[in-house]
Every structure is written in structure tokens, then in C-alpha cells.
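Participant: I have a structure here, written as C-alpha cells, and I will follow up with some questions on it.
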Ligand SMILES: [Zn+2]
């Protein structure tokens, strides 16, 4: 089990009710488009419950079931329009739209699987097309076909919809490649085969022991519980609505497959602040792999799960993010550095961990400065956040040349800069520097905002910036003195810009 072992109270409660096991915790997804942070929430709910069972000393198998045999239903944004011709075909038998993986499903599944590895998740990834091809679902498929009438009855009662006359729980793959409902003419249970009529009325044969078709989704869910021995599975609210897929699967499991309904947890959607609910088909997605660019796996787990995954979550990776990171660090790190300060440091030192360590020491973060490997990692998160997500007021870059904006500074501001240049000493810490900057302003009768504005303009080319004391203290003192003298002397600006 990884160091990211995290078991929130709600997961403890679920585990408490699940009994002694052995347990099979399952989470599944159809990789028909980008697998986003909302999908990750389901996997994390399952992981938390699996972990809670494990620490109780129970036997647990944790499975991620990728529905790779599922038919393509619609074209996700960014997929070529001519992929329309593949609608109805299994995701495992459609070419990768970008040509980089073996097939369509793998193009979306592979980066997600990679993310789970980066998160050190102890999960078994299964691909449904392989399970069908290997005969794993043969028994439950035969059982389903033999109980076609009962399944149809349940489906009609629960969904309130009339099923077609030739409805079948099994969808054979037709000659066209489409996996669709077809009229089953004959079942040959000894040979694991069905004879069916294709779109044009021709007789065809499908071997259900070799993946030449699949169970329809609602039946498959119940059948899969039995085949895998599932004892727990989380579901999003789209499945658990009245008359929805869990309602039908529950009855099918009990009445047809004679398998007890697994434990359940209903999780709510994740919204992206200002954009709405996450949805691959609407192109509103946040990819877990991108989120790992700005935070460690432990933080991602907490962020995505939220206080309670049964509640909707408004994900804020902008202005609200530093506070989230501070709450997280306070919990897991012995000597946390405020995230906003890391953002300042990262942008000031351009990613150089040695310089960052100096800046952190001057800021009073001695312990954090001594862990260079961790510091390098945290600086990368802070810098990536500043570049990709931070509101404008967090962003800055120390200008290599005197900014053109410095030409607008007035005489008093220039006098202030000259005075500061004369007083700055090597090795001053953030607090001492802050005092110096402030008292010099007061002495010269300048409002702090005007004085500090001169300083930011001179270094960053903008009127505001990070907390001045620790920022200036983190820079090379000679560089700051030189720059302030240059700007206070005014006449040299043009020359420097050449
Ligand atoms: Zn690919």
C-alpha cells in the first residue's frame, strides 16, 4: 500500500457495513473519450473503500474494469467526423484517431492508466474485450440468454419502457462490425453460440465464448457482478436514478443470476468553477494527468474526493487553489511553506532550487530549504500553477532588462529607489528587508503603495507584485542595487534597452 493511503471517515463507514469478505471492489468506465477528473472521483471512492477494508485485515481485490468492448455511441469533440462510420463498433476494434495506440479505447485508457500508476494506486486494470474473448463471461452470458424472458420482464417493469419483440440480452457482432440488438434465432448452449438474423435478414453465427458480441449494458452490469464476485461498486447519480441501470441490475442480480447486490456508494458530479459539470461529450474536461502537474498525488486524492464525494464539488484551480494547498500541506507536512510564497519563489528564481533554498531561508523557512529534492518538486508545481491556472495578480517575471514602464516613475519614486539601493545589505532576510522598504518610504513621506509601486515597476514592469520584503530578499542583492540605481538615475534607461 502506498504512502498515499488515505481513508476518510465516510469510507470507514462503508467498509464497516460491508462485512468480512473476501472483497472485490470494482469500478468501471467506458473509455470512449477523455477520462477526466470526474471519472477519477469514482476510482478514488473505490480506492478509499478498498483501503478501509485492507486496513481491517480483510482480503481485497481492487479492479478497474475498462469497458473496451462497448460500442462507440457518439463522436467525442476532437474526433474526426468520419468516425461516424464506426458508431456501433466496439471501442477495441476502432483505430486510434491519432494513430499512437493500438486501438481507439487504448488512446484514452492508456494515459489514465499511466496516471493511476503515478498515483501509486494498487489496482488491477481489466479490459472487457479481453475478458469476453478469453471466455470469462461465457457462463453468465449463457445464463442470461437462457433467461431472456425474465430479464426482459424486469427491464420493462423497472424502466417502464416496452422492449422490442425480439429483444435479447445478448448483442452479437454483425458482419458490418456493429454490436447491436438482433433477432436471436437459435441458442446453441453446448457450443456457446447463437444464430441470429443480421440487418438484412441473413443468418449469422456468434460465438459468445470468444467475444463475438457482448451483453447489453444493463444486463452486463448484473452479470459482471456475479462473474467478478463484486462486493462493492460506486456509482454516479446518472446510474442510480429511479428506473436507472442500478435499479434493473439489482433485480436481475437477485432474481436471475441469484447473486447478492454489492455494496454501493453514490457519488456526485464535479464541476469546474465557472464552466459547469465535467463532461467528455461537451468538451468540459479536466484531465487527472494535467492536475498532477500542479500538485502531488496525495493532494489530488483529497481535492477530487472533497469532504464527502456524495456531495457535488466545485473545483477551483484558480484563486482558491493556494488555500487548498495550504490546508493540505498543514495536514501532511511538518514544515509547510505557504503555496503563494512558493509561487513567488518559483517565479523569482526561475526554477533553480539552490537559489530557491536561499530565498526560503531568508524568508524563515529553514527546514523546507534543506530538502532540495522536495523543494525542486514543489517549485515545479508552483511554477506550473502560475503559468497555467493562476489569476493575473499572482503572475510575474523578474525582467532581465529595465522595463519600459519604469520611464513613468516620478522624481519622488526615483529618490526612494536610490535610498533603498544605498541601504540594502547582503544577506538581509525577508522581514528586515520589509522593514527597510517600509521605513524608507515613511521617511521620505511616500505612501507605501507609491513606494512599492516603484519597486515592482522597476523589477517586474507592473504596479503590484508579491509580498515585497521576501521577494526582494530572495533576489541577488547586487542585482537589485544595480537596477534601482539605474532607474533612479533615469538617463540610462534608453541605453540599457538597446
Ligand atoms: Zn493514441
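All of the numbers you see were taken from the coordinates with simple rules; none came from a lab. Not measured: the values here are computed from a predicted model. Cβ atoms come from the backbone with ideal geometry, glycine included; neighbour counts cover every protein chain shown.
Participant: If the chain between residue 400 and residue 327 were fully stretched, how many nm would it gain, using 0.36 nm times the residue separation less the Cα-Cα distance?
Facilitator: Between residue 400 and residue 327, full extension yields 22.8 nm more.
Participant: Residue 159 versus residue 308, label points 7 Å from Cα toward the beta carbon: distance in nm?
Facilitator: 3.3 nm
Participant: When the chain is fully extended, how far beyond the present Cα-Cα distance does residue 118 get from residue 264, taking 0.36 nm per residue of separation?
Facilitator: Net length gain for the segment: 49.9 nm.
Participant: What number, in percent, do you get for the relative contact order of the chain if the mean sequence gap of Cα pairs under 8 Å and at least 6 apart is divided by its residue count? Intermediate values should be presented prior to the final figure.
Facilitator: Working: 849 pairs, mean separation 60.9, N = 498.
Relative contact order, the chain: 12 percent.
Participant: In nm, give the distance between the simple-model label positions of residue 415 and residue 282, each being 7 Å from the Cα along the Cα-to-Cβ direction.
Facilitator: With each label point 7 Å from Cα toward Cβ, the separation is 5.9 nm.
Participant: Among 445-458, 26-39, how do they line up by average Cβ neighbours within 10 Å per residue, starting with the highest? Each step should come with its number before you reach the end.
Facilitator: Values: 445-458: 18.5, 26-39: 22.9.
Per-residue mean Cβ counts within 10 Å order the peptides as 26-39, 445-458.
Participant: Relative contact order (percent) for the stretch 256-347, with alpha-carbon contacts under 8 angstrom and 6 or more residues of separation?
Facilitator: This gives 28 percent for the stretch 256-347.
Participant: Answer rounded, prolate or oblate for the stretch 33-167, using the Cα gyration tensor with square roots of eigenvalues a ≥ b ≥ c: rounded when a/c is under 1.5, else prolate when a/b is larger than b/c, else oblate.
Facilitator: Note, shape of the stretch 33-167 comes out oblate.
Participant: What do you get for the angle between helix 37-55 and the principal long axis of the chain? Use alpha-carbon atoms, 0 to 90 degrees, nearest ten.
Facilitator: Taking Cα atoms only, the helix is inclined about 80 degrees.
Participant: What is the angle, in °, between the Cα long axis of helix 430-443 and the longest principal axis of the Cα atoms in the chain? Nearest 10 is fine, range 0 to 90.
Facilitator: The helix 430-443 is inclined about 50 degrees to the chain.
Participant: Calculated FRET efficiency, residue 149 and residue 56, Cβ-Cβ r, R0 56 Å, to nearest 0.05?
Facilitator: Numbers: r = 42 Å, r/R0 = 0.75.
Calculated transfer efficiency: 0.85.
Participant: Any chance you could give the angle, 0 to 90 degrees and rounded to 10, that helix 448-460 forms with the longest Cα principal axis of the chain?
Facilitator: Taking Cα atoms only, the helix is inclined about 70 degrees.
Participant: Let me ask something additional. Taking 0.36 nm per residue of separation and subtracting the Cα-Cα distance, what length does fully extending residue 426 through residue 17 add? All intermediate terms of the calculation are to be shown ahead of the outcome.
Facilitator: Details: separation 409, 0.36 × 409 = 147.24 nm, distance 6.28 nm.
Computed gain between residue 426 and residue 17 is 141.0 nm.
Participant: Would you mind computing, in nm to one decimal, how far apart the modelled labels at residue 355 and residue 240 are, each placed 7 Å from Cα along Cα→Cβ?
Facilitator: My value for the distance between the label points is 5.1 nm.
Participant: Additional query: Please compute the contact order of the stretch 112-253 in relative form: average sequence separation of alpha-carbon pairs under 8 Å and at least six residues apart, divided by the residue count, as a percent.
Facilitator: The normalised contact order for the stretch 112-253 reaches 25 percent.
Participant: Here's something else I'd like to know. How large, in Å, is the chain by the Kirkwood hydrodynamic radius built from its alpha-carbon pairs?
Facilitator: 26.6 Å
Participant: Among 153-162, 290-299, how do they line up by average Cβ neighbours within 10 Å per residue, starting with the highest?
Facilitator: Details: 153-162: 15.0, 290-299: 19.4.
My ranking of the peptides, most packed first, is 290-299, 153-162.
Participant: Of all beta bridges DSSP finds with both residues in the chain, what is the antiparallel percent, to the nearest 5? Before the final figure, lay out the partial values.
Facilitator: Values: 19 of 39 bridges.
Restricted to the chain, the bridges split so that about 50 percent are antiparallel.
Participant: At a 10 Å Cβ-Cβ cut-off, how would you order 286, 459, fewest neighbours first?
Facilitator: 286, 459
Participant: OK, next. Packing-wise, with mean Cβ within 10 Å as the measure, how do 269-275, 16-22 rank, highest first?
Facilitator: Per-residue Cβ counts within 10 Å, averaged per peptide and sorted highest first, yield 269-275, 16-22.
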